[in-house]
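Written out below as structure tokens is the structure these notes cover.
What follows draws every value from the coordinates through simple rules; no lab data is involved. These figures come from a predicted structure and were not determined experimentally. Cβ placement follows ideal geometry from the backbone for every residue including glycine, while neighbour counts extend to all protein chains displayed.
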Amino acid sequence: MGVLTSEHPKCMTDISSKETILSRQLKLIAEAGIEEVVMTTGYFDDVLVNYCNSLELPLKFTFVNNPVYDKTNYIYSIWCAREALRGEDIILMHGDLVFQNSVFDEVVLSTSSCMTVSSTLPLPAKDFKAVICDGRIDKVGIEFFDNALAAQPLYKLLAKDWDVWLDAIDRYCREGNTSCYAENAFNEVSSRCKVLPLDIKDALCAEIDTPEDHAQVKARLREIESRTVYMCFSTDILHSGHIAIIRKAQRLGRLIIGVLSDEAVASYRHYPLIPFEERKSLIGSLAGVWKVVGQNTLSYKENLLVLRPDYVVHGDDWREGFQKSIREEVVSVLDGYGGQLVEFPYSSNPKYDELEKMSRAKLAMPDFRRGRLRKLIGMKGLVTAIEAHSGITGLIAEKTTVLKDGKTWQFDAMWLSSLCDSTAKGKPDIELVDMTSRFRTIDDIMEVTTKPLIFDGDTGGLAEHFVYTVRSLERMGVSMVIIEDKVGLKKNSLFGTEVCQTQDSIENFCAKIAAGKKAKKTSDFMICARIESLILEQGMEDALKRAAAYTAAGADAIMIHSRRKDPSEVFEFVQKFRQADPSTPLVVVPTSFNAVTEEEFRAIGVNIVIYANQLTRSGFPAMQETARTILKNHRALEADAACMPIKEIINLIPEE
Ligand code: SPV
Ligand code: MG
């Protein structure tokens, strides 16, 4: 090695601008959580000791000097250190060995004793080769060529195997055989210590013996360390499991983390507790993260094609479930440019499940839940809500997800319909079910869900009463109340003009809105004015006039209702309203005009689509049919096919 080693031992040779062979080895050892290092020294003993201490790594060193290092081989150095080594599982390595992180990780994680070998490298003329017999290492030396693989002196040795080898070293040295390799002693006892070959193929694990080796290893290390690794993070509660996977991923190269957008997180999990920008800066400040970027969709494709990382890292849990198709797409994109997927075993941890539960619980709290509807509108442009009138329908709204076109779909919010709440209680939808009872339904739903709730406030009652309703709803964490501009005995709008219904005056209704606005305590809570002009056949002009007046009175949103199958009057209203008012959120309830898709509504400027009664309307006939079947047959057998199995119904709602 000439001038490179004229002032220090070979292991202190630089292999990059910031590392020597030894500092790199010791850093990897410390990162793997190993605490004790036994180092045999010889040449420049004091330089080496001072150097190791100057690195300030969390390692406890035991230095053992071989006083006759120039006359013996490393078998004797090990013998000198035998007392410090006996009875322990150890990693054994030569001081001039350079290996990439993943090689060391594999050695450390090996559950049996092993030696690194390569099935792809040509057999070296002068260096170690290992003879493999019955799947284990039989002989190690430079002289073996048959049944042999290139091998490097990097071992994991379990105490039971190592002690056998150490005894053989002991025997050798006592007999004066101190100029051979320690492996000569191993070869005599290999049948009694089971060391398996660990095939590292083309990965870097090389000794530096010459200036040429040195230049080559430096260049390979530079290439390896400039590799990039990509991971996607959606979490807003960072725990030690995340840190552990970041640590592992960064060992493969420069770690880029794609932080999932709020919208993408909300589409498959729940609304993030911490907004995107904050999650991004939090993750970007973690040690070992080279770069953070946004990931706008659950699909990795867009980012992978731009960043072309050498590796994508993920837990192996995504091989099943809704992430399976995302994984398949990642594999195919990586195949396209020669990238590699690295999957770490996923183990669910009750501690982390508990944290996830706590964050869900937080989402359900009034202050967290209330503002989420406004945020979702801002984020998505168009949000969907489905009817809920009980705990169980709330759970359906909360948990139903559909995987389609590689995306996960779920409802954004819940609609506590007066029609369905009344129907569930066997009562007509005429404001007969009083607020106390309606609040109980809110409680039932809130208790088992986290999504925002839109409350159907009917007419809102007298303005003097409405202010109290607003405060109660706001306190409970409801996001929006919708009140309709009718007075007197309210009937369901879908009756239209078939029954007697009276529309409120603009002045009166504006006063009610203004009173509600004054009563509310947070900017999160929204009061939506519902216009019944089209239902009551008062014409488009009236509807638009009212919309302008209601927004001027402070309405946070406008709902336009219609009971026509043909959506043209709703479309006309939305388009005309949007010309005058580009921002006030617009709500529709497409019960009659149900052929219109969400995308069509979005395109004309609608912000909330409410599926107001479909769960009640589908559940009721199913129950009625089951009752009839039992009556007809005088037993329940025939009804069973339409029923959910008992086991499923009792498991439907897990106990907390
Ligand atoms: C409800 O669901 O109670 C509504 C919407 O108010 S509608 O029934 O269409 O009037
Ligand atoms: Mg209603």
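Taking the Cβ-Cβ separation of Glu329 and Glu188 as r and a Förster radius of 60 Å, what is the calculated FRET efficiency to the nearest 0.05? It would help to have the intermediate numbers written out before the result.
Details: r = 54 Å, r/R0 = 0.90.
So, using R0 = 60 Å, E works out to roughly 0.65.
Helix 324-337 versus the longest principal axis of the chain: what angle, 0 to 90°, nearest 10, using Cα atoms?
50 degrees
Could you compute the net charge surrounding Ile386? Neighbours are other residues with a C-beta less than 11 Å from the C-beta of Ile386; K and R count +1, D and E count -1. All intermediate terms of the calculation are to be shown ahead of the outcome.
Details: positive: Lys451; negative: Glu387, Glu398, Asp412.
Taking every other residue near Ile386 into account, the sum is -2.
Tell me which aspartates and glutamates have Cα within less than 16 Å of Lys248's Cα, excluding those fewer than 8 residues away on the same chain?
Glu31, Asp105, Glu106, Glu225, Asp310, Asp316, Glu343
Among the listed pairs Lys357/Lys647; Lys156/Lys201; Lys425/Lys491, give every one whose C-alpha distance is greater than 19 Å.
Working: Lys357/Lys647 24 Å; Lys156/Lys201 17 Å; Lys425/Lys491 16 Å.
In this structure, Lys357/Lys647 exceed 19 Å between Cα atoms.
Using a 7 Å offset from the Cα along the Cα-to-Cβ direction at both Thr120 and Phe495, what is the distance between the two label points in nm, to one decimal?
Result for the modelled spin labels: 7.8 nm.
Please report the base-10 log of the normalised intensity I(q)/I(0) for the chain, using a Debye sum with one equal scatterer per alpha carbon and no solvent, at each q in 0.05, 0.06, 0.09 (1/Å).
-0.41, -0.54, -0.83
Cα axis of helix 568-580 to longest principal axis of the chain: angle in degrees, 0 to 90, nearest 10?
70 degrees
What length, rounded to one decimal in nm, is gained on full extension from Ala552 through to Thr522, with 0.36 nm per residue of separation minus their alpha-carbon distance? Don't jump to the answer; show the numbers that get you there.
On the way: separation 30, 0.36 × 30 = 10.80 nm, distance 1.90 nm.
The span from Ala552 to Thr522 would gain 8.9 nm if fully extended.
Compute the angle between helix 211-225 and the longest alpha-carbon principal axis of the chain, please, reported from 0 to 90 degrees and rounded to the nearest 10.
10 degrees
Using Cα pairs under 8 angstrom and six or more residues apart, how large is the relative contact order of segment 67-178, in percent? Don't jump to the answer; show the numbers that get you there.
On the way: 154 pairs, mean separation 40.3, N = 112.
Relative contact order here is 36 percent.
Among Ala361, Pro567, Ile246, flag the residue with its Cα farthest along the positive direction of the charge dipole of the chain, charges on Cβ as +1 for Lys/Arg and -1 for Asp/Glu.
Toward the positive end, the furthest listed residue is Pro567.
Which value at 222 nm does the chain reach when only helices count, each DSSP H run of 4 or more adding -39,500 (n - 2.57), with the total divided by all residues and rounded to the nearest 500 deg cm²/dmol? Mind showing how you got there, number by number?
Numbers: 26 runs with 275 residues, N = 656.
Calculated mean residue ellipticity at 222 nm is -12500 deg cm²/dmol.
Among rounded, prolate and oblate, which fits segment 227-351 when a ≥ b ≥ c are the square roots of the eigenvalues of its C-alpha gyration tensor, a/c under 1.5 means rounded, and a/b larger than b/c means prolate? Spell out each step's value before the answer.
On the way: a/c = 1.26, a/b = 1.19, b/c = 1.07.
Since a/c stays below 1.5, the shape of segment 227-351 is classed as rounded.
Of Lys486/Lys545; Lys10/Lys71; Lys451/Lys545; Lys324/Lys451, which ones are farther than 22 Å apart at the Cα? It would help to have the intermediate numbers written out before the result.
Working: Lys486/Lys545 16 Å; Lys10/Lys71 17 Å; Lys451/Lys545 33 Å; Lys324/Lys451 26 Å.
Going by Cα-Cα distance, Lys451/Lys545; Lys324/Lys451 fall outside the 22 Å limit.
Once the piece of chain linking Asn53 and Tyr468 is laid out straight, how much longer is it, given 0.36 nm per residue of separation minus the C-alpha distance between them?
On the way: separation 415, 0.36 × 415 = 149.40 nm, distance 7.12 nm.
Difference between extended and current length: 142.3 nm.
Considering only DSSP beta bridges whose two residues both sit in the chain, what percent are antiparallel, to the nearest 5? Provide the component values of the computation, followed by the final result.
On the way: 27 of 85 bridges.
Percent antiparallel among DSSP bridges in the chain is about 30.
Setting aside same-chain residues fewer than 8 positions from Lys160, which lysines have a Cα under 18 Å from its Cα?
Of all the lysines, those that pass the test against Lys160 - Cα under 18 Å, at least 8 places apart if same chain - are Lys194.
Let a ≥ b ≥ c be the square roots of the eigenvalues of the Cα gyration tensor of segment 450-521; is it rounded (a/c under 1.5), or, if not, prolate (a/b larger than b/c) or oblate? Mind dumping the intermediate values first?
Working: a/c = 2.79, a/b = 1.46, b/c = 1.90.
Note, shape of segment 450-521 comes out oblate.
As a test, work out the antiparallel percent of DSSP beta bridges whose residues both lie in segment 2-222, rounded to the nearest 5. Spell out each step's value before the answer.
On the way: 21 of 33 bridges.
For segment 2-222, the DSSP antiparallel bridge percentage is about 65.
Could you tell me which of rounded, prolate or oblate describes segment 365-612, using a ≥ b ≥ c as the square roots of the eigenvalues of the alpha-carbon gyration tensor, with rounded for a/c under 1.5 and, failing that, prolate when a/b is larger than b/c and oblate otherwise? All intermediate terms of the calculation are to be shown ahead of the outcome.
Numbers: a/c = 1.31, a/b = 1.09, b/c = 1.20.
Note, shape of segment 365-612 comes out rounded.
In segment 50-104, which GluC sites (Glu not before Pro) are in a loop and have at most 15 other Cβ atoms within 10 Å, using DSSP for the loop call? Could you put the intermediate results ahead of the total?
Numbers: sites: Glu56, Glu83, Glu88; in loops: Glu56, Glu88.
Those satisfying the criteria are Glu56, Glu88.
Based on the inverse mean of 1/r over its pairs of different Cα atoms, what is the Kirkwood hydrodynamic radius of segment 408-476, in Å? Before the final figure, lay out each step's value.
Values: mean 1/r = 0.0776 Å⁻¹.
Final number for the Kirkwood radius of segment 408-476 is 12.9 Å.
Give, as a single signed number, the net charge of other residues whose beta carbon lies under 12 Å from the beta carbon of Arg440, with Lys and Arg counted +1 and Asp and Glu -1.
Details: positive: Lys425, Arg438; negative: Asp421, Asp434, Asp443, Asp444, Glu447.
Charge balance in the 12 Å sphere: -3.
Apply the Karplus parameterisation 6.51 cos²θ - 1.76 cosθ + 1.60, with θ equal to phi minus 60°, to every residue of segment 433-441 and state each ³J(HN,Hα) to the nearest whole Hz, in sequence, with x for glycine and proline.
Computed from phi, the couplings for segment 433-441 are 5, 7, 4, 4, 5, 5, 5, 4, 5 Hz.
Across segment 264-271, in residue order, what do the Karplus-derived ³J(HN,Hα) couplings come to in whole Hz, using 6.51 cos²θ - 1.76 cosθ + 1.60 with θ = phi - 60° and x for Gly and Pro?
5, 5, 5, 5, 10, 10, 9, 4
Contact order normalised by length for the chain, with contacts defined as Cα pairs under 8 Å and 6 or more residues apart; what percent is it? Display every interim value, and only then the final one.
Values: 1131 pairs, mean separation 50.4, N = 656.
RCO, the chain: 8 percent.
Suppose every K and R has +1 on its Cβ and every D and E has -1 on its Cβ; what is the size of the dipole of segment 112-188 about the Cα centre, in Debye to the nearest 20?
Result for segment 112-188 is approximately 200 debye, rounded to the nearest 20.
Would you calculate the separation in nanometres between label points at Lys545 and Cys643, each defined as 7 Å from the Cα along the Cα-to-beta-carbon direction?
5.8 nm
Amide H neighbours of Val342 under 5 Å, at least 5 residues apart or on other chains, H built in the peptide plane: list them.
Correct list: Val312, Val313, His314.
Could you give me the percent of Cα pairs per 10 Å distance bin for segment 519-656, shortest bin first, beginning at zero and ending with the bin that holds the maximum distance?
Values per bin, smallest distances first: 10, 30, 21, 16, 16, 7, 0.
Quick check on packing: order 529-536, 548-555 by the mean number of other C-beta atoms within 10 Å, highest mean leading. Could the numbers behind the result be given before it?
Values: 529-536: 24.8, 548-555: 19.4.
So the order, starting with the most tightly packed, is 529-536, 548-555.
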